[in-house]
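Bear in mind that the values in this text are calculations on the coordinates, not laboratory data. These numbers were taken from a predicted model, which means no experiment stands behind them. Virtual Cβ from ideal backbone geometry, glycine too; neighbours counted across all protein chains shown.
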Amino acid sequence: MKNTARIITQASPLNSDQAQQLDKLTRTLTPLQSMWVSGYLAGQQSFQAEEKTAPSLQLAASSPSTLTILFGSQTGNAEAVAQQVLAAARDHGIQATLLDMAAYKPRDLKKEQALLLVVSTQGEGDPPDSAQELHAFLHGNKAPQLDGLRYSVLALGDSSYEYFCKTGKDFDQRLSELGAERVHERVDCDLDYDDAAEQWIGAAIKLFEQSPETADGKQLQSGSTAAPAAVGPTRKNPYQARLLTNIVLNGRGSSKEVHHIELDTEDSGLVWEPGDSLGVVPSNPLAVVDELIETLALDPNETVSVTDTELSLREALTHHYEITTLTRPVVEKYAALAESKRLHELLSEAQRTAFSGYVQDRQLLDLIEDHPLKGLDGSRLIALLRKLPPRLYSIASSHQANPDEVHLTVAAVRYKSHGRQRQGVASIFLAEGGGDKGTVPVYVDRNKHFRLPADDVPIIMIGPGTGVAPFRAFMEEREVLGASGANWLFFGAQHFLSDFYYQTDWLRWRASGLLTRLDVAFSRDQAEKIYVQDRLREQARELYAWLQEGAQIYVCGDAQHMAPDVHAALTDIIADQGGLAPEAATAYLNQLQKDQRYHRDVY
Amino acid sequence: MSDVPDHHSDVEKIKRRSRHLRGTIVQGLADMATGALAADDTQLTKFHGFYQQDDRELRAERKLQKLEPHYQFMLRMRLPGGCLTPQQWLALDAACRAYGESTMRITTRQTFQFHRVLKKDLKPMMQAIHHAGLDTRGGCGDVNRNVVATANPHRSRIHAQVYDWAQKISEHLLWRSRAYDEIWLDAPASDVPEHEPLYGDSYLPRKFKVALAIPPENDCDVLANDIALIAIVENGELQGFNVGVGGGMGASYGIPSHYPRLASIIGFCTQQQLLAVVEQIVGIQRDHGDRSDRMHARFKYTIDEHGLEWVKTELAQRLGQPLAAARPYHFSDNGDHYGWLEGDDGLWHLSLFIENGRLADFADFPLLSAMREVAAEMSRQGIGEIRLSCNQNLILARIPVAHKDAIDALARRLGLLDGLRHSALRRASMACVALPTCGLAMAEAERYLPDLIGKLDLIMRDLGLEDTTIVTRMTGCPNGCARPYLGEIAFTGKAPGKYNVYLGAAHNGERLNKLYRENIAEEDILAALRPLLERYARERDDGEPFGDFVVRAGIINATLEGRQFHEQVLQPKT
Ligand code: SRM
Ligand SMILES: Cc1cc2nc3c(=O)[nH]c(=O)nc-3n(C[C@H](O)[C@H](O)[C@H](O)COP(=O)(O)OP(=O)(O)OC[C@H]3O[C@@H](n4cnc5c(N)ncnc54)[C@H](O)[C@@H]3O)c2cc1C
Ligand SMILES: Cc1cc2nc3c(=O)[nH]c(=O)nc-3n(C[C@H](O)[C@H](O)[C@H](O)COP(=O)(O)O)c2cc1C
Ligand code: SF4
């Protein structure tokens, strides 16, 4: 607190009277009290800001002379990390503003001096929806020079994807190209991002504490936005939910296996809103664990240490490590140990495609068999591996309608490759009844980008396959709330007879009038393939009329083909029906996205 | 359009407001979110020839899976006299392969049913049938149904005339609304007001059936029909028909007022009078049938309500003259005559046994494909026609002698003649469809009777009865679709695996049977029948049919009239 008075008088907008009073007060404060006061002021500020910006995402107005924390997040991980950044800044007495990229005016960038960016990667190396505009702006020809901006990027991703943390890398590289100064190396986080993120936060925040502004006497006050208090079980401390019901929704003759799962949430403290996902913390099947141990001739009882706990190797591999999916870091570490030239080649930049091809349908066991490695012990093995990440499943039921159960719609991943029968970890964990005691460790993963609008707003739901899950929650919710908004569902799957998930629910809601329209596309019931996007096009006129009346669009399900195809269809429909040029239609859809009227939850 | 009286049944109201059988069928076909049609429309589609059903075995399972029932449709064709060209056979074969899970079923009214047709395939199926020069109009519904006639064409000239009348009656009694062409054949809708000349806006109170028999054959169980026409042939010439009225098989368990009834012969008419007679009888039922209670709406109840004399008087009034007195005739039996028979015009006919009328490619016998090959060959040679019988069998008919050997060799090679090696009992047996498609079935029939026959065969062989024909019938419920009450032995389903056993019908379709044992399972069925068959083997008179024997032996009381069907049932001695 030494130089507060000087700072206040020199750099503050306060008049000298106010400055003196404040100086007098601050001198008497203990560190704890001073933190409280700063929080109080910031809280008031953000409260007012929120009042002004109605129901928007905006958490606080950005002001150029403070640290700005921007996040781009699809399923909330990057956002949660960004909240931690804000809290840390606060702890260090730095005034900081937390903003969703979607709510950020790209042109404000050139006014920034200190920027921390937390962003995930979606699609195939694409930015999350909310980061698209900023990403495009930076890569476009309107991007400003950013000399004088000091920044660092935290990238969230999943190393099992070909373009690992690509969006973070893009931002990092581009900011640097535009003249900004990278004050801390970017950190690329895998799905088990907690530790890496924490380290980055600690290091990066320190750098801004000693920022030139501070040095030349400008005190940064910490901004605050009340982070939503974490309620109930979390990723690290999940709730052991009893599995109540497990039904295959596919009728006979289907080539799919989608399970309807009901979990007991009575007294769990789990609370969710329609649109949220449930995080499932799975275990590996013992057969796979044992096969791995056997192949490597390891001792299953060897003691290994997992985040400060001593466990048997068998236990560690069952509950803590990913032992199937192959990722680049794992292969890299393995290649180093195996000293395999062939593997090193595969990992080279020139072999990117070959590498993707290799890991796409192979697992750790294949790697070990293809490139045998002798003399590995348990500890060295687990040092190669990444933590077993939880999987997300869209919640298919409404908490309002039934707080005692949470429903999921889970496609069982089973396939054969390279002579082995394989299975997905989490989907099969669920499909086969959860853990030993028939329980499933779960937590709620919030998705505030996928929320029902006000009760009277019409919605268009596009959810083929398991993508239909959240819409069941939507309808249950709107049913108990007696919401008056019209509801239109587009569903698609392979076969009408066997793959129409929750058909009786939809028909019941249609009969009761809740579901205004129900359009379905079954791709393999006729000679030509028909998908939801074809149905959208057929209904172009009506659909556009709904949009004109303020309807919101929700898309959930396959990210690879469906979501882009639906996006293209929507663009065409808007162009045709609105008489717009393609660019204008794209802008219209982008605007819908910005206005939180076009929501996507795709995976 | 006058209002439907309140006390009339719901179906009457649906018919009346259907705009001549249109309802909302078109909208229902377009609704892709459900495999079903609107409930009211399912009453109307019957007139168009099809029934909404669902696979009953999947009901519980699909409910759990949050899937609607496995809705599917049964289509029934109009095929008066059961006659089709080889080309038509090939077209139907292709249609069932495309839309009907590769199976077709010869019915007890000598036509085809297709099962498991999905809603989306209805229209293409109807069009395929249309392109074959056939239709499904009046396959089901409260109108005249498929007109049946004695199938075996060995008395060729008479047969040709009778078949011709079957066609004419069927055409004469067709419903006329353009709804059929609009919905199925893409005919443009027209504003010209429609009216049904014969049926009116409410059609008939209930289904209505007409049959023509050529004595001594009664293969069509002519007396089980609302109108029974018995060809009277004198000096080799068709003189006309004896006219019977009020036949029907439908019965219910525990409801004495529902009973099977055989047609009562009320006179004779010439060929010239025939269409008028038939039309006026239909008119009587249209005007006097019960429209409040569908269980009581068949013509047989109208007759028993008013009395036979009333019917005769009413008909005479409508015709302007009474019918002439009935002429003598004689029925020998109600079975089919398998193998080759030469017609009196020198053409040949090969009757084939088709177990329960089911045509499909079975694991051990590709019957459907075999028939396709035969039909293709007949078509290539430009010969013959194919006939269906009311005993669910088929006849390769009108084969010129020059082709007889080739057809015989082909049929033999394809295994089509193997059926003729079956026991006489099996070849005289018949079961209705029942499970899994029939919504009314209480027990298996088509899928179970073959097994049971196998077990009875063993007994019959033990007793040296393997060449004795006993007409044996099974249905999955008491409705009577395989005309069980005309079986010398009959089983009607009561519950899964449980049947009522009836005995004592005449071997020629002229006397109903009566309940012998109630609600028993296979073991008890065999135990109950064995001693009777033993006695029959020992005590029967020369040529005495089993049905007559059980009556003579006092094992069962003869049912001389429908109203007595539920009476004088003997209690089993225990
Ligand atoms: C296919 C067939 C049985 C067979 O194995 O061949 C059949 C099958 C059915 N009949 Fe029949 N009836 C069939 C000949 C008969 C006969 C025999 C005859 O006409 O010579 C009778 C007894 C004669 C009569 O009409 O009295 C017959 C008396 C019934 C009845 C009882 C009618 C009554 O008066 O009580 C019903 C139930 C009803 O109508 O309410 C019925 C109803 C049915 C239905 C449509 C069940 C329903 O209403 O939901 C059955 C469809 C089952 C399925 O899945 O295919 N079916 N039905 C026959 C088709 C004939 C045709 O081509 O038109
Ligand atoms: C927000 C969100 C919501 C989601 N909601 C749902 C939902 O509602 N329902 C749902 O079912 N899923 C949902 N998912 C997906 C889900 O989280 C899991 O990714 C999925 O269940 C697979 O996990 P797993 O552990 O079973 O498979 P993993 O063990 O992760 O294995 C999957 C991997 O197996 C390989 N693989 C899979 N199939 C084949 C094949 N045929 N050939 C070759 N290789 C193959 C691929 O490499 C794939 O990446 C959602 C995901 C997100 C992010
Ligand atoms: C549909 C989908 C596609 C993804 N694509 C990539 C990718 O291409 N590269 C990558 O590194 N991570 C990818 N990820 C992983 C996410 O970046 C990772 O789950 C991250 O933790 C999500 O953070 P968020 O919740 O803030 O969006 C993808 C995830 C999903 C669901
Ligand atoms: S007799 Fe009964 S079970 Fe058999 S088809 Fe007719 S209605 Fe169905």
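Where a ≥ b ≥ c are the square roots of the eigenvalues of the C-alpha gyration tensor, would you call chain B rounded, which needs a/c under 1.5, or, failing that, prolate if a/b is larger than b/c, or oblate?
Because its axes are fairly even, with a/c under 1.5, chain B counts as rounded.
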Would you mind counting up the charge near residue B:419? Only other residues with Cβ under 10 Å from its Cβ, with Lys and Arg at +1 and Asp and Glu at -1. +1
Would you please name the trypsin sites (Lys or Arg not before Pro) within segment A:323-352 that are DSSP coil residues with at most 16 other C-beta atoms within 10 Å of their C-beta? none
Looking at segment A:93-179, which trypsin sites (Lys or Arg not before Pro) are in a loop (DSSP not H, G, I, E or B) and have at most 12 other Cβ atoms within 10 Å? A:142
Work out the FRET efficiency for residue B:365 and residue B:87 from their Cβ-Cβ distance, taking R0 = 35 Å, and round it to the nearest 0.05. 0.90
Chain B - mean residue ellipticity at 222 nm from DSSP helices (-39,500 (n - 2.57) per run, n ≥ 4, rounded to 500): -10000 deg cm²/dmol
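Mean residue ellipticity at 222 nm from the helices of chain A, using -39,500 (n - 2.57) per DSSP H segment of n ≥ 4 over the full residue count, to the nearest 500 deg cm²/dmol?
-11500 deg cm²/dmol
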Sorted from largest down, what three extents in whole angstroms do the Cα atoms of segment B:152-207 have along their principal axes? 48, 28, 17
Excluding the sites themselves, what is the longest stretch of chain B that contains no trypsin sites (Lys or Arg not before Pro) in a DSSP loop with at most 16 other C-beta atoms within 10 Å? B:177-446
Let me make sure I get this right: for segment B:64-151, a, b and c are the square roots of the gyration tensor eigenvalues over alpha carbons, sorted descending. Under 1.5 in a/c it's rounded, otherwise prolate if a/b > b/c, else oblate. Which is it? prolate
Segment A:447-533: GluC sites (Glu not before Pro) in DSSP loop, at most 10 other beta carbons within 10 Å: A:528
Any residue on another chain or 5+ positions along whose placed amide H is under 5 Å from the amide H of residue B:335 is listed here as B:218
Can you give the FRET efficiency to the nearest 0.05 for residue A:108 and residue A:456, using r as the Cβ-Cβ distance and R₀ = 60 Å? 0.95
Given an 8 Å cut-off on Cα distances and at least 6 residues of separation, report the relative contact order of segment A:482-572 as a percent. 26
Between residue B:379 and residue B:459, what length comes free when the chain is fully extended (0.36 nm per residue of separation minus the Cα-Cα distance, one decimal in nm)? 24.5 nm
How high is the relative contact order of segment B:182-293, given as a whole-number percent (alpha carbon pairs under 8 Å, six or more residues apart)? 21
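Given 0.36 nm per residue, what is the gain on full extension from residue B:324 to residue B:305 after removing their alpha carbon distance, in nm?
Computed gain between residue B:324 and residue B:305 is 4.4 nm.
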Shielding score for B:27-36, defined as the mean number of other chain Cβ atoms within 10 Å: 4
Jot down the radius of gyration and Dmax of segment A:72-127, Cα atoms only, both in angstrom. 12.3, 38
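What is the average number of partner chain Cβ atoms found within 10 Å of a Cβ in B:60-71?
Mean inter-chain Cβ contacts per residue within 10 Å come to 6.
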Among all cysteines in chain B, which have no other cysteine Cβ under 4.7 Å from their own Cβ? B:83, B:96, B:140, B:269, B:438, B:477
Label-point gap, in nm, between residue A:162 and residue A:561 - each point 7 angstrom along Cα→Cβ: 1.6
What's log10 of I(q)/I(0) for the protein assembly as shown at q = 0.05, 0.08 Å⁻¹, Debye sum over Cα points only, no solvent? -0.52, -0.95
Can you order the peptides B:476-489, A:410-423 by their average number of other Cβ atoms within 10 Å per residue, highest first? B:476-489, A:410-423
